[in-house]
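Nothing in this text is a laboratory measurement; each read-out follows from the coordinates by a stated rule. Remember, predicted model here, so these are calculated numbers, not experimental data. Using ideal geometry, Cβ is built from the backbone for each residue, glycine included, and neighbour counts are taken over all protein chains shown.
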Amino acid sequence: MAIKRIAVLASGRGTNLQAVMDGIKSGRVRNAALRLVVSDNPKAYALERARASGIEALWINPAAFPGREEYNLELIEQLRKRQVDLVVLAGYMRILTAEFVRSFKDAIINVHPSLIPSFCGKGYYGERVHREALEYGVKVTGATVHFVDEGTDTGPIILQQAVEVLPEDTVESLAERVLEVEHLLLPRAVDLYCRDCLKIEGRRVWIKAD
C-alpha cells in the first residue's frame with residue numbers, strides 16, 4: 001500500500017495539525033506522510049508548527065488574487081504539484097470552491113466542533129458553535145470529522161464523539177473539552193483514510209475492520 005501524502009490547510013493556532021503530526025510520529029496514524037501545511041494567514045502559528053517539524057509551510061495570500069475562484073485554483077496547483085492524496089482542513093477559515101472539492105473528490109476531510117447536523121453550516125465556526133449550543137440548552141454536544149462536499153458541513157460523516165454539556169459550562173470551557181475530542185478524532189480519521197479503511201456509500205461511511 002502506497003504511503004498517502006497529506007496536506008493540511010489551517011488558519012490559526014494549528015492544534016489539530018499538531019494532533020495529526022503527533023499521531024504520525026507516534027505511529028497511531030499509519031501509512032501517512034505530512035508533506036505540506038498551507039495557510040491563508042501569514043501569522044498562523046500552524047505555519048510555525050510545520051517549520052519546527054521540518055514540514056514545508058506555505059502562505060498563500062488571498063489578497064494577491066482577484067477572487068475566491070482564482071485563489072482556489074492556486075491552492076489546487078500547489079497541492080497537485082506535491083501529488084497530495086489527502087487534504088485535511090484543520091481550522092481552515094475559508095470556504096472551498098466547487099472546483100477544489102471536485103479536484104480532490106472524497107479526499108478532503110474536515111473536523112467540526114459539534115455533532116453534525118446540529119450547529120453547523122454557513123457561519124458556524126469558532127465560539128459561535130459553542131455559544132449557540134449553550135443558549136439552546138442541549139445536554140450533549142461533541143465533535144465530528146466528515147468528508148467535504150460542495151456544501152458547508154454537509155459531507156458524509158466519518159467519526160463523531162459526544163461531549164456532555166455541564167451546568168457550569170462557559171463558551172470557553174465547553175470549547176476546550178470539545179477540542180480535546182477533536183484531537184482524538186481527527187488523527188483517527190486520517191489513519192483510517194490512509195489505510196484505505198473507509199468506504200463511502202451515499203451519505204454513509206463504512207469503516208472496515210482494522
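Can you divide the C-alpha Rg of the range 127-210 by 2.2 N^0.38 Å and report the result to two decimal places?
Values: Rg = 14.5 Å, N = 84, 2.2 N^0.38 = 11.8 Å.
In units of the globular-protein estimate, the range 127-210 measures up at 1.22.
Listed values for the range 111-116 are Karplus-derived 3J(HN,Hα) couplings in whole Hz (6.51 cos²θ - 1.76 cosθ + 1.60, θ = phi - 60°), namely 10, 10, x, 7, 8, 4, and x replaces Gly and Pro. Under a Gaussian network description of the chain, with springs only between Cα atoms under 10 Å, the residue in PHE104, PHE65, PHE147 that fluctuates furthest is PHE65. Note on the chain: helix-only mean residue ellipticity at 222 nm, from DSSP H runs of 4+ residues weighted -39500 (n - 2.57) and normalised by residue number, equals -11000 deg cm²/dmol. Normalised by residue count, the chain yields a Cα convex hull volume of 124 Å³ per residue. For the range 4-207, averaging the sequence separation of C-alpha pairs within contact (under 8 Å, six or more residues apart) and dividing by the residue count gives a relative contact order of 21 percent.
Could you work out the relative contact order of the range 53-119? I mean the mean sequence separation of Cα pairs under 8 Å and 6+ apart, divided by the number of residues, in percent.
Values: 32 pairs, mean separation 20.2, N = 67.
Dividing the mean separation by the residue count of the range 53-119 yields 30 percent.
Kindly work out what percent of the DSSP beta bridges joining two residues of the chain are antiparallel, to the nearest 5. The partial results should precede the final answer.
Details: 15 of 32 bridges.
Rounded to the nearest five, the antiparallel share is 45 percent.
Please compute the contact order of the range 124-210 in relative form: average sequence separation of alpha-carbon pairs under 8 Å and at least six residues apart, divided by the residue count, as a percent.
On the way: 103 pairs, mean separation 24.0, N = 87.
With pairs under 8 Å counted, the relative contact order is 28 percent.
Straight-line cross-link reach from LYS139 at under 19 Å between alpha-carbon atoms covers these aspartates and glutamates, not counting any fewer than eight positions away in the same chain: GLU127, GLU164, GLU168, ASP169, GLU172, GLU176, GLU180, GLU182. Rg over Rh for the range 1-122 works out to 0.95, both radii taken from alpha-carbon positions and Rh defined as the Kirkwood radius. Go through LYS81/LYS208; LYS43/LYS105; LYS81/LYS105 and tell me which ones have a Cα-Cα distance over 27 Å in this structure. Long pairs (Cα-Cα over 27 Å): LYS81/LYS208; LYS43/LYS105. Rounded to the nearest 20 debye, the dipole size of the chain about its Cα centre is 740 debye, using +1 on the Cβ of Lys and Arg and -1 on the Cβ of Asp and Glu. Taking ALA63, ALA50, ALA143 in turn, the Gaussian network model of the chain (Cα-Cα springs below 10 Å) assigns the largest fluctuation to ALA63.
Comparing mean-square fluctuations of VAL29, VAL171, VAL145 from a GNM of the chain with C-alpha springs under 10 Å, the top value falls on VAL171.
Measuring between their Cα centroids, the range 1-22 and the range 79-131 lie 13 Å from each other.
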